[in-house]
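The values are calculated or read from the model by the stated rules, or taken from the named source; none is laboratory data. Since the model is a prediction, treat every value here as computed from it, not as a measurement. Cβ placement follows ideal geometry from the backbone for every residue including glycine, while neighbour counts extend to all protein chains displayed. Heavy atoms of the whole protein, side chains included, go into the accessibility calculation; ligands, DNA and RNA do not. Shrake-Rupley method; radii C 1.70, N 1.55, O 1.52, S 1.80 Å.
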Amino acid sequence: MRSGSAFMAGLGSAAIIAIGWQAGVGTLTSALPQSGASASGTSNAAGSSSGTSSSSSSSASTDTSSQAATTAPAASGAADGTYDGSVVNTRFGTVQVQAVISGGKITDVIAVKLTDADRKSVAISQQVAPMVRSEVLTAQSAKVANISGGTYTTQAYLQSLQSALDAAGFTG
Amino acid sequence: MSVHTFDTMGTMVSIRIADTEEGVPRQSIAAINEIEHECARLNETFSLYLKDSEISQIARGELALADSSELMRTEYARALDWREKTDGAFTPHRPDGVIDLSGTIKAVAIDTAAQTLIGSGFRNFSVNVGGDLTTFGNQSSEETGWITGILDPLDRSSLLAALRLTPDFPAVATSGSAERGEHIWLRPETTKAFVQASVIASDIITADVLATAIISGGQATLDQITQNFAVAVMTVAPDGALQANAKFQELVAR
């Protein structure tokens, strides 16, 4: 059961990474030990089939990417452990990902930080939490009947998405 | 689905009726006419850009508030009540002291239009006035509720989110600091924390006022509102960073 839940967590993170945080992943790869980068191509599909539990891997975690780079063996593949990627500023906020290396392969990618630049947003995350676009815009957008946006004037209306929907409504 | 649009208060009204029973087209024309009339009355009473409106007379000191119409006093009292509830982040007073009720009247118009449609027997409709809207029933026999997009303020040709508005949370309002909303003034102690705030609530007036208050009051007001009101909220920061509460994520159309 334990490895199953770890697998699901890994899968979820990987899916989000693939959709929204490509910039972060790119930086992560470059921050990892050289030999680890070559394993990244097969990383997500591997899931946690090796049975790595998150608790054992986090005990080996390092604080910064520079530490990770210096402690990793140079040629014989990355040492098992958890590596932090660089902090990346994206339009969705500040993002940092963490890679779990096991047996020379990335077995999990975890988002460790997704916050507004303003640290206060972390403290109030029970009320509002940062989120990425892929979490809120879904395939259902094809069926959108109305659009809520900043006030448009009569003139701006003609160029708005709402006017396109309204025009489509006359024929549909 | 029939769509009716008309111009009022410097913006556009877009009403969609999804009822399919016989006789709907004829009934809808009568109801839309009545709604146009109601909007015109609100515009003539509350528009500061109309020289002869009642609120312009009050602004010039020609008419005392105590002598104004019952509609004026009712709406002023409503706006003052919202000022209390938002600790002043929403206010019906311009910095120069002039009473400006444009922050609530558009929502009042939406609410009035919805009541007119219900009174006329319609059970599946949406009323959208300049990007703020309320809904009733379902948009089609295949969809529960009304799927509503939230505009991306940084790219107005795309959407940030798609929500499903249902009877518990039928209304959404979006305010932006870059929009032409004269009723939004930043308090001196706050910065431009958000370029856009969307609030989904059980009624359009609550949604509209709270969206305005978040833009005006910033993060502190956002925190206060999510603690004190049963609403769904999403904000957009100037760099595009999004924040939303759990209720908002529940409403995302899946």
Worksheet item: If we keep just the residues of the stretch B:225-241 that are assigned to a loop (DSSP other than H, G, I, E, B) and within 21 Å of the chain's Cα centre (by Cα), which is nearest to the other protein chains (Cβ to nearest Cβ)?
Response: B:Ala237
Worksheet item: So which residues in the stretch B:199-216 are buried (at least 24 other Cβ atoms within 10 Å of the Cβ), under 15 Å from B:Phe248 (Cα atoms) and either facing another protein chain (nearest Cβ under 10 Å) or polar (S, T, N, Q) (or both)?
Response: B:Val199, B:Ile200, B:Ala207, B:Ala211
Worksheet item: Which of (1) hydroxyl-bearing (Ser, Thr, Tyr); (2) in contact (Cβ under 8 Å) with a residue 40 or more places away in the chain; (3) within 12 Å of chain A (Cβ to nearest Cβ); (4) closer than 21 Å to B:Ile29 by Cα does B:Ser120 not meet, given it meets every other one?
Response: (3)
Worksheet item: On the given criteria, is B:Glu21 of a type in the set (D, E, K, R), surrounded by 13 or more Cβ atoms within 10 Å (Cβ to Cβ) and out of contact with any Asp or Glu (no Cβ under 7 Å at 6 or more places or on another chain)?
Response: no
Fill in: Selected residue (criterion: most open to solvent (accessible area, probe 1.4 Å)) from residues of the stretch B:217-236 that are of a type in the set (A, V, I, L, M) and within 22 Å of B:Thr148 (Cβ to Cβ)
B:Ala230
Worksheet entry | Any pair with Cβ under 8 angstrom, 6 or more apart, that starts in the stretch B:31-42 at a residue that is farther than 21 Å from B:Glu54 by Cα and ends at one that is open to solvent by 10 Å² or more (accessible area, probe 1.4 Å) | B:Ala31/B:Thr116; B:Ala31/B:Ser120; B:Ile32/B:His4; B:Ile32/B:Phe6; B:Glu34/B:Thr116; B:Glu34/B:Ser120
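For residues that are assigned to a helix (DSSP H, G or I) and over 16 Å from the mean Cα position of the chain (by Cα), tally how many sit in the stretch B:84-119. Break it down into steps so the answer makes sense when it comes.
First, the residues of the stretch B:84-119 that are assigned to a helix (DSSP H, G or I): B:84-85, B:102-119.
If we keep only those that are over 16 Å from the mean Cα position of the chain (by Cα) too, we end up with B:84-85, B:116-119.
Number satisfying all stated conditions: 6.
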Worksheet item: Filtering the stretch B:169-187 down to residues that are open to solvent by 60 Å² or more (accessible area, probe 1.4 Å) and facing another protein chain (nearest Cβ under 8 Å), which residue is modelled with the highest pLDDT?
Response: B:Ala178
Response to the item:
Across (1) touching a residue at least 40 places away in the same chain (Cβ under 8 Å); (2) open to solvent by less than 20 Å² (accessible area, probe 1.4 Å); (3) within 21 Å of the chain's Cα centre (by Cα), B:Ser28 clears everything bar (3)
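Looking at the stretch B:242-254 only, could you name the residues that are among the charged types (D, E, K, R) and outside any loop (DSSP other than H, G, I, E, B)? Talk me through it step by step, then tell me what you get.
Applying the first criterion (among the charged types (D, E, K, R)) to the stretch B:242-254 yields B:247, B:250, B:254.
Answer for the stretch B:242-254, where residues must be among the charged types (D, E, K, R) and outside any loop (DSSP other than H, G, I, E, B): B:Lys247, B:Glu250.
Quick check: anything in the stretch B:122-130 open to solvent by 10 Å² or more (accessible area, probe 1.4 Å) and among the β-branched types (Val, Ile, Thr)?
Within the stretch B:122-130, the first condition is being open to solvent by 10 Å² or more (accessible area, probe 1.4 Å), and the residues that meet it are B:123-124.
In the following step, the residues that additionally are among the β-branched types (Val, Ile, Thr) were identified as none.
No: the stretch B:122-130 contains no residue that is open to solvent by 10 Å² or more (accessible area, probe 1.4 Å) and among the β-branched types (Val, Ile, Thr).
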Worksheet item: Among all residue pairs at least 6 apart or on different chains, which show Cβ distances below 6 Å where the first residue, located in the stretch B:1-17, is more than 7 Å from chain A (Cβ to nearest Cβ) and β-branched (Val, Ile, Thr) and the second is open to solvent by 20 Å² or more (accessible area, probe 1.4 Å) and not in a strand (DSSP E or B)?
Response: B:Thr8/B:Asn43
Worksheet, complete the sentence: Exactly one of B:Gly137, B:Gly145 is in contact with a Lys or Arg (Cβ under 7 Å, 6 or more places away or on another chain), open to solvent by less than 10 Å² (accessible area, probe 1.4 Å), closer than 30 Å to A:Leu161 by Cα and within 13 Å of chain A (Cβ to nearest Cβ), and that one is B:Gly145
Item to complete: Starting from the stretch A:144-172, take each residue that is open to solvent by less than 50 Å² (accessible area, probe 1.4 Å) and list its partners that are among the basic types (Lys, Arg) and at pLDDT 80 or above, counting only C-beta distances under 7 angstrom and pairs at least six apart or across chains.
Response: A:Ala145/B:Arg16; A:Gly169/B:Arg16
Fill in: B:Thr166 more than 11 Å from chain A (Cβ to nearest Cβ) and either modelled with pLDDT of 95 or more or open to solvent by 20 Å² or more (accessible area, probe 1.4 Å) (or both)
yes
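Conditions (1) among the β-branched types (Val, Ile, Thr); (2) surrounded by 14 or more Cβ atoms within 10 Å (Cβ to Cβ); (3) not in a helix (DSSP H, G or I), marked per residue:
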site	(1), (2), (3)
B:Asn33	no, no, no
B:Leu42	no, yes, no
B:Leu48	no, yes, yes
B:Ile55	yes, yes, no
B:Thr74	yes, no, no
